[in-house]
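**Student:** Right, I'll just put the structure down here and ask away after.
The values are calculated or read from the model by the stated rules, or taken from the named source; none is laboratory data. Worth saying up front: this structure is predicted, and the values here are computed from it rather than measured. Positions of Cβ are backbone-derived with ideal geometry, glycine not excepted, and every protein chain shown enters the neighbour counts.
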Amino acid sequence: MALSMARLRSRTIRAVLVTKFAAMDSDDGALLASVYSPRAMTYTVLEGRLGVSPTEWSARFDAPRAAGTQSPRATHRIVSLDSEGDEALARLEHVLPDAPWIDYASRLKVGGTWKIVGPLYARQGGAS
C-alpha cells in the first residue's frame, strides 16, 4: 500500500513538472503561474537581480507570444525527484540553445494541490 501511495505521489508531482515544461514551451505565463504558489520566489541572478516573482516570470513568458515571436525551445528532463509526505524536491534540466540550466525546484502540497514554492535556477557551467 505504501509503495502505491509513493507511486501516486510521484506521478502527481511529475504531472506538475510536465505542465511547467508545457508552459515554458508555449510561452504561456498563465499556465506557468498555475503550477506556482503565488508566494513563490524564483532564486537566480538574472540581469543583476536576485530573485524573480511568479508574476515577473509570467510576464516574461507572455511577452514573446504577445509580440508574435517564439522563445527558443528547450529540451527538458526530470533528473531526480525526492519526496516525503507533502514535500518534494526535483532537479530539472532545461537545455536551451544558449546554455543548459539546472532548476532545483521545491514543491509543497497545499490544500491538496502540488505547487512549486521555491525554484533555484543556475546556468550549468557558468554564471546566470
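**Student:** Which of (1) surrounded by 15 or more Cβ atoms within 10 Å (Cβ to Cβ); (2) not in a strand (DSSP E or B); (3) not polar (S, T, N, Q) does Tyr43 not meet, given it meets every other one?
**Tutor:** Exception for Tyr43: condition (2).
**Student:** Counting just the residues of the stretch 74-98 that are at negative phi and not in a strand (DSSP E or B), which one comes out modelled with the lowest pLDDT? Spell out the reasoning first.
**Tutor:** At the first step, the residues of the stretch 74-98 found to be at negative phi are 74-84, 86-98.
From the residues that got through so far, the ones that are not in a strand (DSSP E or B) too are 74, 86, 96-98.
Details: Ala74: 90, Asp86: 94, Leu96: 87, Pro97: 87, Asp98: 83.
So, considering only residues that are at negative phi and not in a strand (DSSP E or B), the one modelled with the lowest pLDDT is Asp98.
**Student:** How many of the residues making up the stretch 104-128 are at pLDDT below 90 and within 18 Å of Val45 (Cβ to Cβ)?
**Tutor:** 11
**Student:** Sticking with this one: Of all residues in the stretch 59-86, how many are under 26 Å from Ser10 (Cβ atoms) and touching a Gly at 6+ places or on another chain (Cβ under 7 Å)?
**Tutor:** 0
**Student:** Being surrounded by 11 or more Cβ atoms within 10 Å (Cβ to Cβ), in a loop (DSSP other than H, G, I, E, B) and polar (S, T, N, Q) is the filter here; which residues of the stretch 46-73 pass it?
**Tutor:** Passing the criteria: Ser53, Gln70, Ser71.
**Student:** Is at least one residue of the stretch 84-96 among the charged types (D, E, K, R), closer than 18 Å to Leu32 by Cα and in contact (Cβ under 8 Å) with a residue 12 or more places away in the chain? Don't jump to the end; show me each part of the working.
**Tutor:** Looking only at the stretch 84-96, we keep the residues that are among the charged types (D, E, K, R), and these are 84, 86-87, 91, 93.
Cutting the leftovers down to closer than 18 Å to Leu32 by Cα gives us 91, 93.
From the residues that got through so far, the ones that are in contact (Cβ under 8 Å) with a residue 12 or more places away in the chain too are 91, 93.
Within the stretch 84-96, one or more residues are among the charged types (D, E, K, R), closer than 18 Å to Leu32 by Cα and in contact (Cβ under 8 Å) with a residue 12 or more places away in the chain.
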